[in-house]
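Structure record follows, encoded as structure tokens.
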Amino acid sequence: MTLLDDLSAIVGGAFEKAGLDPALGKVKPADRPDLAQFQCNGALVAAKAVRENPRALAERIKSILSDESAFSEIAIAGPGFINFKLDDQRLVDCVSETFCAGNAPGWRREQTEKIVVDYGGPNVAKPLHVGHLRSAIIGESIKKICRAAGDDAVGDIHLGDWGLQMGQLISELQLRSPELPYFDEGASGPLPEEAPVSFKDLEEIYPAASAACKADPERAELARKATKRLQAGDQGYRALWRHFVDLSIAAMRRNYDDLGVHFDLWKGESDVDPLIPDIARDLSERGILETSDGAKIIRIERDDDKKDMPPIIFETSQGAAGYHTTDIATVVDRRDALAPDRILYVVDARQRLHFEQVYRAVDRAGYFPEDRLEHLWFGTMNGKDGKPFKTREGGTLKLRDLIVMVTEKARNRLAENDLAADFTETETEEIAKQVGVAALKFADLSNPRTSDYIFDIDRFTSFEGKTGPYLLYARARIRSVLSKAQAAGAGAPGPISISCDEERALALSLAAYPDIFRDAYQKRLPHFLCEAAFDLAQAFSRFYAACRISDEDNETLRASRLTLASTVGAALDTTFELLGIEAPERM
């Protein structure tokens, strides 16, 4: 049980003794921390049901709780709010049980699930750009949060590696280099193991092919024929496609590794293409797949719909399968290969209709229950003009360039704050990269997932305010305090005790962590953890300013404060792990 669970059970028991619903005893953090630590508003609700004065009812609950050792103070405020201050020993026990006993983050599901987290979703042959950032960062964090809660979470990148764009690439390369053996229909020998192009070449070929197909119907027809030939299993086309995929994955891994994003599965649309004929046959036999104007569709509208819900086009009149089709097949593939209890899709808000259609279709087909498919949509990262972030030239910023940009800015910030004077050049560069990426990731994750936010590199890389660098510095300072204490022979950490307001506030921030983690898990909102980490860092800063630690004369108090410092460091480490942030050992 978390602290709020524990307190709610105690207060709920008092409500039950008063002949009221124990659920009314729910305890939450106080709205006025200057007056109390926790509060319960249940007396106001209960009073309406039993037609009793709410303040009198609150006094009755207070009287029942008068001998409860968990609270050092119970007071009634306003029309019937019940305010509580926690007993210091109860607070210490809560912190010790969570962090000192190694039970962080302090809450786990009783019944865990097998979960697939679908995030990333880049297209083959295109460089990762700033538009891929949020899916990668948010998806990685949600995967880690699920695992920390006890779930068996598997991350799948879901590559866009099939379809018309592949035909565009292949046909463009054939026009440029028709002599390549991949285009020789009569060839029988082995094809080259090394790709005839580099990923840099693909970066130029892809947009050129796309533009040509848009401008010229005959050129577009070549791409369609190449796509059909690829999907029919042409040996040369398949070999080229494999080169494109391998080159792309190698480039992606470098960027994702720099961001601390790691996928368990690198599957793509091509992996489920063989499943589509059997799925089509099954849906047709059961009357779910219909023919309309030469296309095959799935109707998903419902009688209670308040908006139009267009059918899914499972197969176009030309015989092509689209994104709806591959997403349906992907659900079937995951069901059969992984047997997940739930699938989470971390994809931007613009795809909300698409996923609602897919979820309805797989539910109607009986392939997977709709209520176990979640679209965790997110807003956009915008420039200061409020529009999706672009380069100064108006183009889309590559993710590689963004990483270089924040690393360079972090390097300058370290120098400005005199935080790298004693480091080697190699160590400075490594720390600059960690600080830059932390700035980028924390800026993204500290905003609610469903909100847009403004990209402001100066604010993000500051060592002041709610930023990644501020938290990294707070963690490094804790390490420094503990290291100096050890060097000075200050003794070992010992049991925590509360002797002043700053210690109590720090312990309360620690005790709140399991409840905050549970909220982050249940609502799929990592920004709750960012808030918790920032609150902890600020509480530690006030504690550090007010309390002597390694040079405290009282041995018992010194040992307690060393434990408090170590515990805050452990809580920040837990948060960094859940957010996918790597912290330098020193700064």
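The values are calculated or read from the model by the stated rules, or taken from the named source; none is laboratory data. All values reported here derive from a predicted model rather than from experimental measurement. Counting neighbours? That spans all protein chains shown, and the Cβs are built from the backbone with ideal geometry, glycine included. The protein model used for the area step is the full one, side chains on, heavy atoms only, and it has no ligands, DNA or RNA in it. Shrake-Rupley method; radii C 1.70, N 1.55, O 1.52, S 1.80 Å.
Below is a table of values for the structure above.
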| item | result |
| --- | --- |
| Placed amide H near His129: partners under 5 Å, 5+ positions off or other chain | Leu399 |
| Antiparallel DSSP beta bridges within segment 65-173, as percent of all bridges there, nearest 5 | 50 percent |
| Carbon and sulfur %, accessible surface of segment 13-63 computed with the full protein complex present, 1.4 Å | 53 percent |
| Accessible area of segment 342-481 belonging to carbon and sulfur atoms, whole % at 1.4 Å probe | 46 percent |
| Loop-located trypsin sites (Lys or Arg not before Pro) in segment 232-325 whose Cβ has at most 15 other Cβ within 10 Å (DSSP) | Arg286, Arg302, Lys306, Lys307 |
| In nm, spacing of pseudo-spin labels at Asp452 and Glu59 (7 Å Cα→C-beta vector) | 5.4 nm |
| Protection proxy ranking of 561-567, 127-133, 190-196, 23-29 - average other beta-carbon atoms within 10 Å, highest first | 561-567, 127-133, 23-29, 190-196 |
| Set of lysines with alpha-carbon distance to Lys28 below 19 Å, sequence-local pairs under 8 removed | Lys62, Lys85, Lys523 |
| When each of Lys214/Lys390; Lys17/Lys48; Lys143/Lys484; Lys214/Lys384; Lys144/Lys433; Lys144/Lys390 is checked by Cα-Cα distance, pairs over 27 Å | Lys143/Lys484; Lys214/Lys384; Lys144/Lys390 |
| Of the trypsin sites (Lys or Arg not before Pro) in segment 28-97, those whose Cβ has at most 16 other Cβ within 10 Å and which sit in DSSP loop | Arg51 |
| Sites Asp304 and Ala415, calculated FRET efficiency, Cβ-Cβ separation with R0 60 Å, nearest 0.05 | 0.45 |
| Computed helical MRE - 222 nm, the chain, DSSP H runs ≥ 4 contributing -39500 (n - 2.57), nearest 500 | -16500 deg cm²/dmol |
| Lys, Arg +1 and Asp, Glu -1 on Cβ, resulting dipole of the chain about Cα centre, debye, nearest 20 | 1040 debye |
| Solvent-accessible area per residue, Å², over the chain with all protein chains present [probe radius 1.4 Å] | 46 Å² |
